[in-house]
Amino acid sequence: MTQNIVGHNLVEIDNLSFGYKGRLLHQGINMVFPRGKVVAIMGGSGSGKTTLLRLIGGQIRPAKGEVRVDGHVVHQQSREGIYQLRRKMGMLFQHGALFTDLSVYENVAFPMREHTDFPETIIHDLVLLKLHAVGLRGAHKLKPAELSGGMARRVALARAIALDPDIVMYDEPFAGLDPISMGVICDLIRTLNDALGTTSIIVSHDVKETFSIADYVYFVANGTVAAEGTPDDLNKSTLPFVHQFVHGEKDGPVPFHYVAGDYKQALLGLEA
Amino acid sequence: MIVNSRLHLFCTIGHRFTQRIWRLGAGARLFWLTIISSGESFRRFHLTIREVYFTGVMSLIIIVVSAFFVGMVLALQGYNTLQRYGSSEAIGVLVALALVRELGPVVTALLFAGRAGTAITAEIGLMKATEQLSAMEMMAVSPISRVIAPRFWAGVIAMPILNVLFCMVGILGGYLVAVPLIGVDAGAFWSQMQANVDWRLDILNGVIKSAVFGVACTMIALFEGYDAPPTAEGVSSATTRTVVTSSLAVLGLDFALTSFMISI
């Protein structure tokens, strides 16, 4: 990526390897996330996209390599150090992860109450401002159980940007949404990114929506970065994996079938 | 073949044993982290008060109703035995001592484990399954300070209060059966109780027992929820384990505490 200049990248992943129970999920991954850009990490289910977000957030430690956030190596930080870094981050979870015992208003106010000494009047104004930005000011009294999937995602987005973070991470922000909600979320991510000057990291496998808002895209497959580039570059890519993924082809380098023994043998009950 | 199956059995037993040890260690670690992260629970005491309401106040109905029936049954059974020896006036002492020394702390703890303990486990387990705890972590808020510690101290505060209420209501139930129903003299009922129930040996020891049960039951419920696999099956198994482990812990601790209290 051309923007790889010292101090310009807010997040850098350098030669990162990570695995669960002896199985390597990532091997030697390199990525950079420049300030103010929307960068997407794409790949099939189980390719370790969400794990990359957890590595950036310091929830898990890499086996090799490092993740740097604002120049700080995440896994070398103390617990307090990681918490300091996380105060610069906001994260939108796949299903919102709203606190079900709190109202929409209290959910958005939560980070403010925990990390600031703002008086109640300022918190009130800020919460309404954030909710207004995602179009849900009128829903501030509702409980998460009363919200649709798209609304919950927007409230979670308001909560993620409550303290104006430098980085906002989105874990599958479009999954399971109807086309209208998807368009709204898509538009919000780009608009908020540009308005607040944040750096956005989107993990998704929704090609059309992600390509419409991303400045740069990484494709992760088989534990490595299989391809990278701008959405335009990747649309034109002739790499078999990228072509299969972007055009949603059933078969290709990523097989339709999970690894299995001989079908005939299995039907005859002879499979070991 | 036989060697293989024996080896398999040996491995299974070993695996289960190491898992139990691992869980014990993880539970002890969570307990330690809870204690050192408790500052928030006292600085923002409203968080703890809120949980006292959910664990304590919401358990009141089951505690009060159970205590009433336990007290009535105690009076009926006690009267049948005592009248054979011509000491039916001692019914008040029997009801009171049985309640404040043993039945109060133990039955309150068992009911607490069934009502509040399961609710705590299910709540924490679901918070984990729905990524609410991860979200909190990512907001640089420690779930142990914010979620676990207030619930822990709420349980520790609520249990002795519930125990005292259980004993009071139980004695009232015993009185209603012994005095108006059976016809034992009310003066004898209360005066014998007053003369023979010791503040330190009986009442205080009972309250200490219930505080210990409060620590055990609440910690088990919190650990099971926090350690639950984030699936429907995982939360359901964790809830069951809360009741089983808490009940066994209460009965085991009761024996240990009673032995200790009698010996001093």
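I want to confirm something. Restricting to segment A:82-140 and keeping residues that are assigned to a loop (DSSP other than H, G, I, E, B) and small (Gly, Ala, Ser), which single residue is nearest to the other protein chains (Cβ to nearest Cβ)? Even if it seems obvious, please write down each step before you answer.
Keep residues of segment A:82-140 that are assigned to a loop (DSSP other than H, G, I, E, B), which gives A:87-88, A:93-103, A:116-119, A:134-136, A:140.
Remaining after also requiring small (Gly, Ala, Ser): A:96-97, A:103, A:135.
Details: A:Gly96: 8, A:Ala97: 4, A:Ser103: 15, A:Gly135: 21 Å.
By that ranking, first place goes to A:Ala97.
Answer yes or no as to whether B:Ile120 is β-branched (Val, Ile, Thr), surrounded by 24 or more Cβ atoms within 10 Å (Cβ to Cβ) and under 22 Å from the mean Cα position of the chain (by Cα).
So B:Ile120 fits the description; yes.
Looking only at segment B:94-144, count how many residues are within 9 Å of chain A (Cβ to nearest Cβ), among the small types (Gly, Ala, Ser) and either within 22 Å of B:Leu257 (Cα to Cα) or in contact (Cβ under 8 Å) with a residue 60 or more places away in the chain (or both).
Within segment B:94-144, residues that are within 9 Å of chain A (Cβ to nearest Cβ), among the small types (Gly, Ala, Ser) and either within 22 Å of B:Leu257 (Cα to Cα) or in contact (Cβ under 8 Å) with a residue 60 or more places away in the chain (or both) number 1.
Could you say whether any residue in segment A:181-198 is among the hydroxyl-bearing types (Ser, Thr, Tyr) and more than 24 Å from A:Ile13 (Cα to Cα)?
yes
With the condition kept exactly as written, say whether any residue in segment B:145-163 is aliphatic (A, V, I, L, M), crowded, with 23+ Cβ neighbours inside 10 Å, touching a strand residue (DSSP E or B) at 6+ places or on another chain (Cβ under 9 Å) and within 14 Å of another protein chain (Cβ to nearest Cβ).
From segment B:145-163, those aliphatic (A, V, I, L, M) are B:147-149, B:154, B:156-159, B:161-162; that's our starting set.
Retained after the next criterion (residues that are crowded, with 23+ Cβ neighbours inside 10 Å): B:147-149, B:154, B:158-159, B:162.
Then keep just the ones that are touching a strand residue (DSSP E or B) at 6+ places or on another chain (Cβ under 9 Å); that gives none.
Scanning segment B:145-163, I find no residue that is aliphatic (A, V, I, L, M), crowded, with 23+ Cβ neighbours inside 10 Å, touching a strand residue (DSSP E or B) at 6+ places or on another chain (Cβ under 9 Å) and within 14 Å of another protein chain (Cβ to nearest Cβ), so the answer is no.
Quick check on my filter: what residues within segment B:37-52 are surrounded by 11 or more Cβ atoms within 10 Å (Cβ to Cβ) and at pLDDT 90 or above?
Matches in segment B:37-52: B:Ser37, B:Ser38, B:Phe45, B:Leu47, B:Thr48, B:Ile49, B:Arg50, B:Glu51, B:Val52.
Please find, within segment A:141-151, the residue that is nearest to A:Asn107 (Cα to Cα) out of those that are at pLDDT below 90 and not in a loop (DSSP other than H, G, I, E, B).
Quick first cut of segment A:141-151, residues at pLDDT below 90 only: A:148-151.
Of the ones still in play, those that are also not in a loop (DSSP other than H, G, I, E, B) are A:149-151.
Working: A:Gly149: 16, A:Gly150: 16, A:Met151: 13 Å.
Across segment A:141-151, the extreme among qualifying residues is A:Met151.
Looking only at segment A:19-58, filter to residues that are among the basic types (Lys, Arg) and over 18 Å from A:Asn9 (Cα atoms); which one of those is surrounded by the fewest Cβ atoms within 10 Å (Cβ to Cβ)?
It comes out as A:Lys21.
Does at least one position in segment A:44-53 carry a residue that is touching a helix residue (DSSP H, G or I) at 6+ places or on another chain (Cβ under 8 Å), more than 14 Å from chain B (Cβ to nearest Cβ) and of a type outside the set (Asp, Glu)?
As a first pass, look at segment A:44-53 and keep what is touching a helix residue (DSSP H, G or I) at 6+ places or on another chain (Cβ under 8 Å): A:44.
Subsequent filtering for residues that are more than 14 Å from chain B (Cβ to nearest Cβ) retains A:44.
Then keep just the ones that are of a type outside the set (Asp, Glu); that gives A:44.
There is at least one residue in segment A:44-53 that is touching a helix residue (DSSP H, G or I) at 6+ places or on another chain (Cβ under 8 Å), more than 14 Å from chain B (Cβ to nearest Cβ) and of a type outside the set (Asp, Glu).
Within segment A:146-156, does at least one residue satisfy the condition of being surrounded by 14 or more Cβ atoms within 10 Å (Cβ to Cβ), within 14 Å of chain B (Cβ to nearest Cβ), closer than 29 Å to A:Leu177 by Cβ and touching an Asp or Glu at 6+ places or on another chain (Cβ under 6 Å)?
So far as segment A:146-156 goes, no, none of its residues is surrounded by 14 or more Cβ atoms within 10 Å (Cβ to Cβ), within 14 Å of chain B (Cβ to nearest Cβ), closer than 29 Å to A:Leu177 by Cβ and touching an Asp or Glu at 6+ places or on another chain (Cβ under 6 Å).
Look at A:Ala145 and say whether it is over 25 Å from A:Thr199 (Cα atoms), touching a residue at least 40 places away in the same chain (Cβ under 8 Å) and not hydroxyl-bearing (Ser, Thr, Tyr).
yes
Tally the residues that are among the hydroxyl-bearing types (Ser, Thr, Tyr), closer than 14 Å to B:Val215 by Cβ and under 10 Å from the mean Cα position of the chain (by Cα), restricting the search to segment B:240-255.
The qualifying residues number 1.
Please verify whether segment A:85-92 includes one or more residues that are surrounded by 15 or more Cβ atoms within 10 Å (Cβ to Cβ), free of Cβ contacts under 8 Å to residues at least 60 places away in the same chain and among the hydrophobic types (A, V, I, L, M, F, W, C).
yes
Quick check, is A:Arg79 touching a helix residue (DSSP H, G or I) at 6+ places or on another chain (Cβ under 8 Å) and charged (D, E, K, R)?
No.
Output the number of residues of segment A:61-81 satisfying the condition of being part of a loop (DSSP other than H, G, I, E, B) and of a type in the set (A, V, I, L, M).
Result for segment A:61-81: 1.
If you take the residues in segment A:63-81 that are free of Cβ contacts under 8 Å to residues at least 60 places away in the same chain and buried (at least 20 other Cβ atoms within 10 Å of the Cβ), which one is farthest from the other protein chains (Cβ to nearest Cβ)?
A:Val67
Can you name every residue in segment A:227-252 that is under 25 Å from A:Arg190 (Cα atoms) and touching a helix residue (DSSP H, G or I) at 6+ places or on another chain (Cβ under 6 Å)?
A:Ala227, A:Pro231, A:Leu234, A:Val242, A:Val246
For segment A:212-242, give me each residue that is in a helix (DSSP H, G or I), free of Cβ contacts under 8 Å to residues at least 40 places away in the same chain and buried (at least 16 other Cβ atoms within 10 Å of the Cβ).
A:Pro231, A:Leu234, A:Phe241, A:Val242
The values are calculated or read from the model by the stated rules, or taken from the named source; none is laboratory data. For clarity, every value in this text was computed on a predicted model and none was experimentally measured. FYI the Cβ positions are ideal-geometry reconstructions off the backbone, even for glycines, and counts take in every protein chain you see.
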